[in-house]
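The values are calculated or read from the model by the stated rules, or taken from the named source; none is laboratory data. If you're wondering where the values come from, they're calculated on a predicted model, not measured in any experiment. All Cβ positions, even for glycine, are placed from backbone atoms using ideal geometry, and neighbour counts span all protein chains on display. We work out accessible area using only protein heavy atoms, side chains counted, and drop any ligands, DNA or RNA first. Shrake-Rupley method; radii C 1.70, N 1.55, O 1.52, S 1.80 Å.
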Amino acid sequence: MKKTENLSDWYNEIVELAGLTDKRYPIKGMNVWTPYGWKLQQLIDGHMRRYFDETGHGEVCFPRLIPENEFAKEKNHIKGFDSEVFWVTHAGLNPLDVKLLLRPTSETAMYPMFQIWVRSHADLPLKIYQIVNVFRYETKQTRAFIRVREIHFFESHTCHATFEDSEAQVREDMEIMEKLSKNLCLPYLLLKRTEWDKFPGAYYTVGIDILLPSGRSLQIGSIHEYRENFSKPYEIKYEDEKGEHKYVNQTTYGMSERLIGAVVAVHGDDKGVVIPPDVAPYQVVIVPIPAKGSVEEIQAEAKKLSEELKAGNAGNLRLHADLRDIRPGNKFYEWEIKGVPLRLEIGPRDIANKAVTAVRRDTGEKMQLKRDQLAKEVVSILENISRDMLSRAQTELDKNVVDADSLDDLPEKIIRLGWCGAEECGREIEIKTGRSILGSNMKEPGPRVTKCVVCGKESDTAVYIARPL
Ligand SMILES: [Zn+2]
């Protein structure tokens, strides 16, 4: 199956061939996390956890059931999720007095508690996060990691005394995203969504979008400014220094297992997936290349090599010596599908030369490395792989964002154009092109003055449009 020929079929096949997931569970859109896929997710979680902890967020874990009456408090929010929530209506044979739903996200689970927790300005800011599963009955075609009905989800929720403070939180979330993008080698756009495309209940939404090789965009996360939109219906108030009661200003930041889908789609190739070193379950695989009569000697040497590397790195490298009794060619093939960043081969000639043969997964480049400096060399090669993966993906993104001054003959790319901001013109852009307005760039404002492609009026921001997956 070739990625370049049919991205969608390639993706569906490769996630299972690589051992990232098993889609045969008897509920559509609910897949089984296999050990390799779960390890990858845990490593991504580890980075997020570190960034949230470093910025003063506390980790929590809320119940996954939410009572209907709490869910219904913010009207736009309930409307936005109405068609995709799973309901729990019975306990045994008896109908429940108050129906419960499986959280599609946790605003309505947390905010009744925030109302109790927040009392005075001294309780602010309140910054928490959780990494849990959420449930959404997706009606579009399901796809592993990208569109599933039980979703591994990160969500941070914050309360602040002032709007300015909550705006500063949005900026901090953007910094966290920047760090995570380096771990995943994923360049992205931070785009402020239109009024009709923002999160249900949000004051505004910043979508985090990446480019898929098909030219489509994929939203991998979002940051929301709620202002007082939730604190009013949930009565989350604090007493300020003067004894006045005020509503808190809130934000959230959410991402999910879709990050894995993005990594697979962006970095994979015809040989399989390519996993960035920072999140690779195995960063290095050692494959012995036995010769006749020296099988045991080479096996022993491969084991020794693994010990040397662990010692040289104080054990931080995630490595695996593949000592199975199968042909090396089969091992190469398997680890390439699984996307291990670096393969080390050791055979009789390598031993004689006090060297190791190294092969990069991302470029296929083969190198001879000196055995006595191996640990240091491996670390530096892994760093180069990360840097190169990110820069190749960045080049691809840059190449695929193009400016347009009319709506005719648009290429299958992300298009940047002028829009005056009027909903009427915006709708026309979307209908005429069959694409969505993703929004204006929060990182780089872009050309300052531009003309609306529909009405010709001058506008001071460009917007990005694309076909979202
Ligand atoms: Zn216009």
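Against the test of being under 30 Å from Leu124 (Cα atoms), basic (Lys, Arg), surrounded by fewer than 18 Cβ atoms within 10 Å (Cβ to Cβ) and under 18 Å from the mean Cα position of the chain (by Cα), the options Lys246, Lys242, Lys179, Lys232 yield a single qualifying residue, Lys179.
Please verify whether Val274 is surrounded by 24 or more Cβ atoms within 10 Å (Cβ to Cβ) and in a helix (DSSP H, G or I), treating the condition exactly as stated. Spell out how you get there, then give the answer.
Numbers: surrounded by 24 or more Cβ atoms within 10 Å (Cβ to Cβ): yes; in a helix (DSSP H, G or I): no.
When the stated conditions are applied, Val274 does not pass them.
The single condition from (1) within 25 Å of Asp173 (Cα to Cα); (2) exposed (fewer than 14 other Cβ atoms within 10 Å of the Cβ); (3) within 14 Å of the ligand (Cβ to nearest atom) that Glu444 fails is (3). A single member of Ser406, Ser386 is at pLDDT 95 or above and among the hydroxyl-bearing types (Ser, Thr, Tyr), and it is Ser386. Within the range 407-429, can you find the residues that are within 13 Å of the ligand (Cβ to nearest atom), open to solvent by less than 50 Å² (accessible area, probe 1.4 Å) and at negative phi? If the condition is that a residue be within 13 Å of the ligand (Cβ to nearest atom), open to solvent by less than 50 Å² (accessible area, probe 1.4 Å) and at negative phi, then Leu407, Leu417, Gly418, Trp419, Cys420, Ala422, Cys425, Gly426, Ile429 are the ones that fit. The one condition from (1) within 16 Å of the ligand (Cβ to nearest atom); (2) at pLDDT below 95 that Gly439 does not meet is (2).
When the range 293-308 is limited to residues that are in contact (Cβ under 8 Å) with a residue 24 or more places away in the chain and under 17 Å from Leu374 (Cβ atoms), the one that is farthest from the chain's Cα centre (by Cα) turns out to be Ile298. Quick one: would you say Leu305 is open to solvent by less than 30 Å² (accessible area, probe 1.4 Å), of a type outside the set (Val, Ile, Thr) and closer than 23 Å to Ile14 by Cα? No, not satisfied.
Counting residues in the range 362-381 that are open to solvent by 60 Å² or more (accessible area, probe 1.4 Å), among the polar types (S, T, N, Q), in a loop (DSSP other than H, G, I, E, B) and away from the ligand (no atom under 16 Å from the Cβ) gives one or more. In the range 323-345, the residues that are open to solvent by 40 Å² or more (accessible area, probe 1.4 Å) form Cβ pairs under 6 Å with partners that are modelled with pLDDT under 95, at six or more places apart or across chains, as follows: Leu323/Gln299. So which residues in the range 82-108 are crowded, with 20+ Cβ neighbours inside 10 Å and in a helix (DSSP H, G or I)? Glu107, Thr108 - these are the residues of the range 82-108 that are crowded, with 20+ Cβ neighbours inside 10 Å and in a helix (DSSP H, G or I).
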